[in-house]
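Just below is one structure, and these are the notes that go with it.
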Ligand SMILES: Cc1cc2nc3c(=O)[nH]c(=O)nc-3n(C[C@H](O)[C@H](O)[C@H](O)COP(=O)(O)O)c2cc1C
Ligand code: SF4
């Protein structure tokens, strides 16, 4: 065997990178290095979020980490021959990826460690600033923790943008024998993947955030409601939860604090509506995912009838940053009432898709062109949909809109979970309006009439409009009226927000309906 020092090579185990061949690259690298008697340690890290460069392999050299990408398994022998393990030149060599404009211009707070650390190694997490927030929270009174989160201006990143501190205060103020932290990891919105990237690339951040939430409100049990489509995240979480428990960061008397908190993972069954918080609670209790009537709010009567904090993965994974660096530092990022940073997810027909974490306020133009580089097809951009399947379509004339809650709301849209999907000029917006209604019909829980029946009637109406192109003015008016009924009469956001994509398509792309 060689007397060379062992070289660490990072090959992402992130589901997106795996779908692009990262597992095959890791196997081939291990096999070739064994054959050549080259000692390597392969770490399956998260993705840095530059998906067009995945699988992105990084080699640790005395001069720092050197990246290569996109690497295929077939490239591995030539890369090794060229001196991959020394960071040598090669056509695929990208150098220090942190100096890449795409990453250098970002303001990564929540996703700061994703792609950098070994997601299964708690010592690596601690070495990169992990558990500073929890250690600080352990010295604080619960009310002080809640105040820090309130002062930071953090609003829920799951879609509704509700102030997290107010939600926590409500649960904190309840007298109850048991309280819960329920993490919403259903991530059903089209074009979104920040929850997945965090859970796969930095699972301890979510665990730490949930633990701090438990200390703040007096909850001793947490649940992560994970969508079934995320098996890689399930494995990363299972590993991290086991290690955290073993090392005293979870369980009874955590960190010798005389405080208890533990977390269990529950896997959903693939229904979009189970991302709505009350449906999620029904599903967690073992029932069919159906929306509950509010009040009572989950913060007062939630899981198993007890006060429950329901927060999104990104929201909870941001809490350690606030406790570690201070509420004021976090609040200093952002625009207006949208404080802090937001992990934007750029997808669809775009040249350079991936994760862009920036302070609120980046414009759609900057995201789509400066980061995205325009469409993958090379054709002009015609529309973007922001905020998942219930979000509005924006035309290029409105791409000066800053990506923050109030600005998007003023333009008839929403930021939602901050997914941005790009379409080129071949898109037929009447068909996209139909798709929104069809999606609603398929995913409706069926509890209220405007959504259950309205979505199906809406599909029929759009079909008639498409069939009669040019003679459907009365049907267009009827569709608008139906949108009114759904927006005002639906029990939850699925029926209530489906009019957003439909109306924005009608407003900005009327020619597709004529
Ligand atoms: C139809 C529908 C689907 C939703 N899906 C999700 C989801 O997948 N993940 C999520 O975090 N929030 C989702 N939400 C929002 C949740 O109801 C809730 O507001 C959120 O989990 C609260 O966490 P936050 O305050 O941290 O955002 C959805 C809402 C609706 C109406
Ligand atoms: S709007 Fe749709 S999904 Fe929501 S409660 Fe009504 S039927 Fe169920």
### Message
Residues that are assigned to a loop (DSSP other than H, G, I, E, B) and either within 13 Å of ligand 1 (Cβ to nearest atom) or under 22 Å from residue 510 (Cβ atoms) (or both): does the stretch 447-461 have at least one?
### Response
yes
#### Entry: Selection status of residue 439, within 16 Å of ligand 1 (Cβ to nearest atom), surrounded by 18 or more Cβ atoms within 10 Å (Cβ to Cβ), modelled with pLDDT of 95 or more and within 23 Å of the chain's Cα centre (by Cα)
yes
### Query
From the set of residues in the stretch 261-273 that are assigned to a loop (DSSP other than H, G, I, E, B) and exposed (fewer than 15 other Cβ atoms within 10 Å of the Cβ), which is nearest to ligand 1 (Cβ to nearest atom)?
270
## Note on the structure
How many residues of the stretch 371-393 are within 14 Å of residue 191 (Cβ to Cβ) and surrounded by fewer than 23 Cβ atoms within 10 Å (Cβ to Cβ)? The answer is 1
### Task
Tell me, yes or no, whether the stretch 154-167 has at least one residue that is over 29 Å from residue 493 (Cα atoms) and surrounded by 17 or more Cβ atoms within 10 Å (Cβ to Cβ).
no
### Query
How many residues are within 10 Å of residue 387 (Cβ to Cβ) and touching a residue at least 24 places away in the same chain (Cβ under 8 Å) when one looks only at the stretch 406-422?
9
### In the stretch 224-272, the residues that are within 19 Å of residue 308 (Cα to Cα) and within 16 Å of ligand 2 (Cβ to nearest atom)
268
### Task
Please enumerate the residues belonging to the stretch 473-506 that are more than 16 Å from ligand 2 (Cβ to nearest atom) and closer than 23 Å to residue 189 by Cα.
503, 504, 505, 506
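Matching residues to (1) farther than 17 Å from residue 396 by Cα; (2) away from ligand 1 (no atom under 13 Å from the Cβ); (3) touching a strand residue (DSSP E or B) at 6+ places or on another chain (Cβ under 9 Å); (4) not in a strand (DSSP E or B):
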position: 289; (1), (2), (3), (4): yes, no, no, yes
position: 319; (1), (2), (3), (4): yes, no, yes, yes
position: 322; (1), (2), (3), (4): yes, yes, no, yes
position: 347; (1), (2), (3), (4): no, yes, yes, no
position: 369; (1), (2), (3), (4): no, yes, yes, yes
position: 375; (1), (2), (3), (4): no, yes, yes, yes
position: 378; (1), (2), (3), (4): no, yes, yes, yes
### Task
Those residues that are assigned to a helix (DSSP H, G or I) and more than 15 Å from residue 501 (Cα to Cα), I need them from the stretch 462-480; list them, please.
463, 464, 465, 466, 467, 473, 474, 475, 477, 478
### Task
Taking only the stretch 75-99 into account, find how many residues are crowded, with 16+ Cβ neighbours inside 10 Å and under 24 Å from the mean Cα position of the chain (by Cα).
1
### Query
Can you tell me which of 389, 343 is in contact with a helix residue (DSSP H, G or I) (Cβ under 6 Å, 6 or more places away or on another chain), within 16 Å of ligand 1 (Cβ to nearest atom), closer than 30 Å to residue 440 by Cα and assigned to a strand (DSSP E or B)?
343
### Matching residues in the stretch 465-505 - criterion: being surrounded by fewer than 16 Cβ atoms within 10 Å (Cβ to Cβ), more than 24 Å from residue 382 (Cβ to Cβ) and more than 16 Å from ligand 1 (Cβ to nearest atom)
471, 474, 477, 481, 484
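The values are calculated or read from the model by the stated rules, or taken from the named source; none is laboratory data. Note that the coordinates shown come from a computational prediction; the quantities given were computed from them, not determined experimentally. Don't worry about glycine lacking a Cβ; one is built from the backbone with ideal geometry, like all the others, and counts go over all protein chains shown.
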